[in-house]
Amino acid sequence: MPRLTDSASRSTIRVGTRGSALALWQTDYVCSILGAGGFPTERIEIRTTGDVVQDVPLSRIGTVAIFTRELDTAMLEGRIDAAVHSLKDLPTTLPDGIAVAAVSPRADPRDALVSRTGAGWRDLPPGAAVATSSLRRRAQLLAARPDLVPVEIRGNVDTRLRKLEQNAEWSGLILAGAGLDRLGLGERITERLPATLMLPAPGQGAIAVTVRADDDATASAVRGALHDHSVSLATSAERGFLQRLEGGCLAPIAALAQLDDDGVLRLHGRILSLDGSAVTEGTRTSAIGDDAAAAELGAELAEELLSRGGAEILTVVRSAQP
């Protein structure tokens, strides 16, 4: 495993993170792996726009970098050497001077329902209110059950669980299962939602570490300690799909790729209208060897879905944005 070189002029990797419980868990996980490999770390907490603005839906804040911009700035200014992100929150196009050094092994990428009564999604009563901050989750929920009533919720994982307890009129809440698992809250999950119902966000369940593009020493240390090649291939396909569609949190776009034992990558993508009434989806399968080819597979599937009605769906979705 590579060691920091003398040219790095430091012995400690300063790792930037958001201050939420989940972000801190993920950063401590990364730091522990780096520490075990002989790379001492210092954790530095930085508040992001997404953390500060809690009373506005994500789709209305007006940027795809709401959880990353301040971390990018701190890195480019030399205040941190690396930053830890939930990969699903990382924009598909990074600022000049920032690069992804590693993608972690992936936790369960599925979304999860936490219900007040223990009822699964099929058994929720007609008209049940289900809380989510995601247009993707909202649209897929309505596509499966138009009778349900999605309600907007913001906040960290613990805040959302507390809001569910405080709002007796809500029947349930949808969150990423990986976040609940990582925080030791997996027992709160009523049902892990299958991809046929709720296809995940691109990159969901994986952790990304970014570095300055010219910092070879930190990049080498992080990549050698943490990087998972198969997960990187899968998420590159998902993010290639998202990038071609110019998505992010502003459109109901979902994708999940899996690499089989023979090195064949299977990508499933989905585009939905805001109310779930229009859906176009498809799959692409190919033997893939590198991230660039995986991203191209994602772009090819995006082109196919755009030609099969996806372009019209996204035009309507974007025209509805404030």
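The values are calculated or read from the model by the stated rules, or taken from the named source; none is laboratory data. This structure is a prediction, so every number in the text was calculated from the model and none was measured. Don't worry about glycine lacking a Cβ; one is built from the backbone with ideal geometry, like all the others, and counts go over all protein chains shown. Note: areas computed on protein heavy atoms with side chains; ligands, DNA, RNA excluded. Shrake-Rupley method; radii C 1.70, N 1.55, O 1.52, S 1.80 Å.
Observations on the structure shown:
- Cut-off 18 Å (backbone N to label point 7 Å along Cα→Cβ of E165), residues of the range 121-141: 131
- Taking only Cα atoms of the range 98-238, radius of gyration then Dmax in Å: 17.4, 56
- Diffusion constant of the range 273-322 at 37 °C, which comes from Stokes-Einstein with the Kirkwood Cα-pair radius and 0.692 mPa s, µm²/s: 268
- Alpha-carbon Rg with Dmax, taken over the chain, Å: 19.5, 64
- The protection proxy used here, the mean number of other Cβ atoms lying within 10 Å of each residue, ranks peptides 165-178, 34-47 as follows, highest first: 165-178, 34-47.
- Under Karplus coefficients 6.51, -1.76 and 1.60, residue-wise ³J(HN,Hα) of the range 207-217 in Hz, glycine/proline x: 10, 10, 10, 9, 9, 5, 4, 9, 9, 5, 5
- Over the range 238-302: Kirkwood hydrodynamic radius from C-alpha pairwise inverse distances, Å: 12.0
- Overall size of the range 174-252 from C-alpha positions, given as principal axis extents largest first: 44, 34, 22 Å.
- Using a cutoff of 8 angstrom between alpha carbon atoms and counting only pairs six or more residues apart, the relative contact order for the range 118-222 works out to 28 percent.
- Using the alpha carbons alone, the radius of gyration of the range 119-187 stands to its Kirkwood radius in an Rg to Rh ratio of 0.95.
- Entry note, the chain: relative contact order of 21 percent, from Cα contacts under 8 Å with a spacing of 6+ residues.
- Helix axis angle, 157-166 relative to the chain longest principal axis, alpha carbon, degrees: 30
- Percent antiparallel among DSSP beta bridges (both partners in the chain, rounded to 5): 70
- Gain on full extension, evaluated as 0.36 nm per residue between R154 and A36 minus their Cα-Cα distance, stands at 38.9 nm.
- In terms of overall dimensions, the C-alpha atoms belonging to the range 84-137 reach 50, 23, 14 Å along their principal axes, ordered largest to smallest.
- C-alpha long axis of helix 291-305 to longest principal axis of the chain, angle in °: 20
- Every Cα-Cα pair of the range 173-322 was included, and the share exceeding 28 Å stands at 27 percent.
- Nearest-ten-degree value, helix 21-36 long axis tilted from longest Cα axis of the chain: 30
- Averaged over its residues, the chain has an accessible area of 42 Å² per residue, based on protein heavy atoms and a 1.4 Å probe.
- Value of [θ]222 nm, deg cm²/dmol, for the chain, DSSP H segments ≥ 4, -39500 (n - 2.57) each, nearest 500: -10000 deg cm²/dmol
- For the range 239-319: relative contact order, % (alpha-carbon pairs under 8 angstrom, 6 or more apart): 34
- C-alpha center-to-center spacing [the range 230-272, the range 165-180] in angstrom: 26
- The packing ranking of peptides 198-210, 97-109, highest mean first, is 198-210, 97-109, where packing means the average number of other beta carbon atoms within 10 angstrom of each residue.
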